[in-house]
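Report on the following structure.
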Amino acid sequence: MNIPTEPIGSLPRPRALQEAFAEHAAGRLSTAELEKIQDQAVVDTLAMLEKLGSPVLVDGDQAKPDTITYPVQGLPGLAPGGAVIPYADGHTRQLPRLTAGPFRYQVRADTYLHAARAKTDLPLKQAVVAPSALSLLYPADGIDGYSREAFLSDLADQSEAEIRACLDAGAHAVQLDFTEGRLSLKLDPTGGILDSFIELNNLVLSRFSEDERARIGVHTCPGADQDSTHSLDVDYTELLPRLFRLKAGNFYLQLASEADPERVLSVVAEQLRPGLRVFVGVTDPLDPAVETPEQVRDRVLAAARHIPVDQLGTCDDAGFAPYADDTSTARDLAFAKIEARLRGTELASQALGA
């Protein structure tokens, strides 16, 4: 397959793992028993992706509680009542808030990568939370004895260490999840919050060499949780020019669920720089209908009218289950959509003579 294609990250957890999370939270299952079930879910995920012929694998975030707060599980100085993320269907997700410093990751994503690497020799991609998302943990009224500036400095150091550890562990690619980018324009249409997010993320990305940044990417989407989004109503073209200021080598863009993908692609083409690769979303995790390979092919061919083939890739619009308790998408459905992406990208490669 000459047009590269990659999954975004999370996949629905098997029922046994869903039940294990609940039993562990209730104190009826030990951590060791939970980890054993998580490990088996990773084995099954990698095996299924390999069976489908995916050239790049992910562990499906099977051991993560969610894609945002996994680094701070067990961190002293956290309390409930942080920033609230509202979704279009009315449900919300709430982050914890930081009450004391210093800020330190308790879990780094390279631990997941090492665990998956022990189970496969194929290329592995690792998704990590963008520092901009974790910046939301700091309360608006501040923390006595721990300034926001000190927190952001610690956060940048921790994020850099996580990305570097994943690169050192041999990750095929490290993907920063930046779903808060589009949401920020809903909270602040002036773009002030988004500019601060871009500045913080670039502070981290600028610490890597050009060769290293070629293996680092940024994923953006309008949220995907319980079959709902948090910012699909925000004009995508307001985000894209700022998004492409990020010092990353790869951009993973939600596109299949956009009402006017041609308009989005025209803006992407204006922002494209030499050396970048744009992975366009060709499957919609929130749509219960499975795309056909021919639909995927046509979406790739549409993108190729705007993006040079040697700078084009494909992906899913978003992860299929960013939160461990999200059961809105069946595991089999997610794999069926991934298979459609793989087959459709191959058809497009053939059509383009790639």
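Numerical summary
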read-out	value
Search result, residues across the stretch 130-159 that are of a type in the set (A, V, I, L, M) and within 23 Å of the chain's Cα centre (by Cα)	Ala130, Ala133, Leu134, Leu136, Leu137, Leu152, Leu155, Ala156
Odd one out for Ala165, checked against (1) closer than 25 Å to Leu57 by Cα; (2) in contact with a helix residue (DSSP H, G or I) (Cβ under 6 Å, 6 or more places away or on another chain); (3) surrounded by 23 or more Cβ atoms within 10 Å (Cβ to Cβ)	(3)
Test: residue in the stretch 324-343 that is over 27 Å from Arg213 (Cα atoms), out of contact with any helix residue (DSSP H, G or I) (no Cβ under 8 Å at 6 or more places or on another chain), among the acidic types (Asp, Glu) and surrounded by 17 or more Cβ atoms within 10 Å (Cβ to Cβ)	yes
Within the stretch 69-111, considering residues that are in a loop (DSSP other than H, G, I, E, B) and among the charged types (D, E, K, R), the one surrounded by the most Cβ atoms within 10 Å (Cβ to Cβ)	Arg108
Residue ID - nearest to Ala321 (Cα to Cα), chosen from residues in the stretch 200-227 that are small (Gly, Ala, Ser) and crowded, with 22+ Cβ neighbours inside 10 Å	Ala224
Test for Gly319: is it within 30 Å of Gln73 (Cβ to Cβ), surrounded by 15 or more Cβ atoms within 10 Å (Cβ to Cβ), of a type outside the set (S, T, N, Q) and in contact with a Ser or Thr (Cβ under 6 Å, 6 or more places away or on another chain)	yes
Hits in the stretch 149-207 (condition: without any contact (Cβ under 8 Å) to a residue 24 or more places away in the chain, in contact with a Leu (Cβ under 9 Å, 6 or more places away or on another chain) and not in a helix (DSSP H, G or I))	Asp188
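Any read-out appearing in this document is the output of simple, stated calculations on the displayed coordinates, not a laboratory observation. For clarity, every value in this text was computed on a predicted model and none was experimentally measured. Positions of Cβ are backbone-derived with ideal geometry, glycine not excepted, and every protein chain shown enters the neighbour counts.
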